[in-house]
Structure formats: structure tokens, C-alpha cells
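One structure below.
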Amino acid sequence: MSQAPDAAPRPTANMFDVEAVRAEFPILAQEVNGRPLVYLDNGATSQKPRRVIDAIRRYYESDNANVHRGLHALSGRATDAFEGARDTVRAFLNAADRREIVFVRGATEGLNLVAQGWVRPRLGPDDEIVVTTMEHHSNIVPWQLVCRQTGARLRVVPIHDDGTLDMEAFAGLLNERTKVVAVAHVSNALGTINPVREIIAMAHDVGAVTVLDGAQAAPHGAVDVQALDCDFYVFSSHKCYGPSGMGVLWGRAERLDEAEPYQGGGDMIRTVSFEESTWNDLPYKFEAGTPNIAGAIGLGAAIEFVTALGMDAIAAYEHEVLEYATEALGEMGGIRIIGTAPEKAGIVSFVVDGVHPHDVGTIADQNGVAIRAGHHCAMPLMRRYRVPATSRASLALYNTRADIDALVAGLHKVKEIFDR
Ligand code: C6P
């Protein structure tokens, strides 16, 4: 996923056979509260295609063993499948080297690893870390912890009312004290696609290291870490059609080499004595203990699935459904969409006049429509818009215009109930 000015022409959405795609997701073929399930909570977690479920089942049925350790056949097969998934992720991100792909529990763990492993040993009381108003707590709190540990200061880039970053203010915050710039590629609560190339270039100009939170970006468009030229990039498997408890930290090899291990244990060492231990090569230095083998295999299958469909085709298709949803909600009246940036991914956060977002979510659920309501782990952002919470519909590649129609029908019901 890039930003508009550099993007190639979007493939047309009709290249995408959504009914065939939907057939791959067994969970979608069910009713909830007597209505066909409409799943619009993909920002929280996406559903899993059959081939991901099958890959995990196959692994447990025929190959289950620990990796990197055994001499026996099963361990060899498990290791091949696990390391094969690393190659798949490398290609997905266009990383230069498979050693740069670190398997973690999710975006959250990836960010904490960078904060503690690379940033903390290099930070002092005069230093600054820059984040933005629209960050998820996972891209705020790890930096606050580091600031507390080192005496460094957290600086926050403000946003405009439409949910775009105030780039002038960002430029004003950068200086020789800026050591880290940590930014969401796509905001989970607004859908804004941030101008990350520009941000990265500006940060590098003052010598800062750049950390991209790709949790809401990687599932929805092509990511090329070499073209982005960032230093670290994280995403979670479970939002990307893979299993939960799994995620990826990509880091430039030289940065990962410089970083301290995040956790100690088996597999991350070369030698251990009571006097001193030495570390394994990348990426194993950061993968202490038995990893989530089935998780990696499932993620590999998920990435093969989306890659075969084409990330640009997915982005184009989701964009079309986003535009349909934005128009449909706009036409209803009495609904305020929070986050109207020109460049958006498939997230529609909104507030229905006079109705608490939790009530909106509950009534939508009665119609079989799953959306999220709450602060979306972005409390500072909610404060910025002076709302306690929003309702949020977040799209995936299997959503259709009919899903949006069902959401709109649910919202009409909300209005009926609360107008009474
Ligand atoms: N956002 C949402 O409903 P984990 O929990 O580690 O898989 O992902 C954390 C995370 C980090 N950054 C962004 C931008 C995110 O959206 C998330 C997860 C979910 O929006 C759950 S709060």
C-alpha cells in the first residue's frame, strides 16, 4: 500500500470475483440472529479462508514437531514449512533478505520489540520520539514506556479535522533530538492512509529511525519496504486472513543486527555459559523459545491466498466498496463520518446523532451485521474529535455492496428506535 501520487493506475474492481472469494470463507455462510452474517469488523480481525484452516490442520495432522531442533523427519518437515512461510512473508513485503523477517505474536509485540531492543539502549533524556494523534495504543504506550525508562520525550503530530496529518506541524517537530518517528501506515479508527514515503524521507533527513505500524495496511494493499525505505515495519497475521497470535516484524538487517535481544531463551543463543551467552544469527536472535509454528504456516497460506488475488486488485475492489459505503452513509443524514481524508483504506468510523455507538453496534448485530463500537484503542484520537467512541465498519476483500445495504438497513432501524 502506497499513497496516491506514486501509485500505479488502480486495477479495475471488476477484475475481482467477490462471489468466488466469499466461497473460500466457510464462516460467512451462516446466519446471526436469523439474518445472513454480514461481517464488517475486519479491522479488529479478519475471517480465515479454507486454505488457511486446511494448512493449519494439515500441519497438526501430518507434520507436527518442533522446529530447528530434531533430526527426525517430522521436525525436518515442520522446519521446512515454518521457514517456507518466512520466505513467503519476505516476498510479500519485498524485503531484501529473509533474515529481516522476525516472527512475533503480532503488531503489538513487534512494536515493543523495536522499542526495547533497538530504541531503549540508544535513547537519552535529551532525545525525542515522534508519534501522531491517530496512533493505536500499541504505537503509543511502548514509546511512553521507553520515555519513562530513559527520560526521553514523546512529541505528537496533530491532525486536521478530516483526519489527515498536519504535515507542517510534523516538519516543525523534527529536529536533531528526534531519534524515532513511529507512524501508522493506515489509521485503524479513521482509515487515513498516511503519506508515509514523505514522512520517512523527512524523518531520515534529521537522522531519525522510522517505524511503521502496518497492522491496517498490509492486508489491504501492496507493501514494499524497500520502496518505502523505512527502518522497521510491523503487521499482524490475524487481520491479514491468517491465524491470531502471529505477526511479523520486518527490520533492516543492519538495524536488527544492532538491536539487543528482546527475550532470552532457547533458539536465540549461539552459546550459553553462566558467565556469558552469545546470540544466534538473524532472525533467530529475536525468536526465543518454541515459535508459533502453526501460526507461521497459516500466515504463509493466507499471504499466498491474497497474493494470488493480487494486492492491487484487492485495494481497488475495497476502495470501490468504501466509496459506496461513504456515499450511502452520507445520504442517510444524521450520521457524521469521522475521518474523511482523500486517501483512505476501507474503514468508516461514524457517529449517529444522539445515539451511543454501543447501541448502534447492538442494533446492527440484531440485524446480523457485525461492526465495532468503542474507542478502537485510540483514546487520544477520540479526545481529539470530542467523542467517547465511534461505530466502525471495516472492510475486507469479501465484503460487498449488499453488506453495506444491510448496514444501512440496520442504521435505519437505529434511527427509528431512537426517533421514537
Ligand atoms: N487494532 C482494531 O479493532 P495486534 O493486537 O497486535 O494484532 O494489533 C494492534 C494494532 C496495532 N496497530 C493498529 C493500527 C491496529 O489497528 C491494531 C489493532 C484492532 O482496530 C484491535 S484494537
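Every number here is computed from the coordinates shown, using simple stated rules; none is lab data. Quick caveat: nothing in here was measured; it's all calculated off a predicted structure. Every residue, glycine as well, gets a Cβ built from its backbone with ideal geometry; the counts of neighbours run over all protein chains shown.
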Q: Could you sort 100-107, 305-312, 41-48 so that the peptide with the highest average Cβ count within 10 Å comes first and the rest follow in order?
A: 100-107, 41-48, 305-312
Q: Note down the net charge around residue 192, summing +1 for each Lys or Arg and -1 for each Asp or Glu among other residues with Cβ under 9 Å from its Cβ.
A: -1
Q: Output the peptides 205-215, 285-295 sorted from most to least packed, where packing is the average of other Cβ atoms within 10 Å over each peptide's residues.
A: 205-215, 285-295
Q | Under 13 Å, Cβ to Cβ, from residue 65 - net charge with Lys/Arg +1 and Asp/Glu -1 | A | -1
(Q) Charges at C-beta only: +1 for Lys and Arg, -1 for Asp and Glu. How large is the resulting dipole of the chain about its Cα centre, in Debye rounded to 20? (A) 880 debye
(Q) With +1 on the Cβ of every Lys and Arg and -1 on the Cβ of every Asp and Glu, and nothing else charged, how large is the dipole of region 328-420 about its Cα centre, in debye rounded to the nearest 20? (A) 360 debye
Q | Size of electric dipole in region 10-133: Cβ of Lys, Arg +1 and of Asp, Glu -1, about Cα centre, debye, nearest 20 | A | 260 debye
**Q.** Span-like helix ranges in the chain, DSSP H, alpha carbon extent 15 angstrom or more, Kyte mean at least 1.0
**A.** 293-309
Q.
Restricting to DSSP H runs of at least four residues, report the calculated mean residue ellipticity at 222 nm for the chain, -39500 (n - 2.57) per run over all residues, nearest 500 deg cm²/dmol.
A. -11000 deg cm²/dmol
Q) Any idea how far the Cα center of region 170-216 sits from the one of region 270-345, in Å? A) 18 Å
Q: Name the lysines eligible as straight-distance cross-link partners of residue 239: C-alpha to C-alpha under 25 Å, and not fewer than 8 places from it in the same chain.
A: 48, 344
Q. Can you sort 343, 327 so the residue with the fewest Cβ neighbours within 10 Å comes first?
A. 327, 343
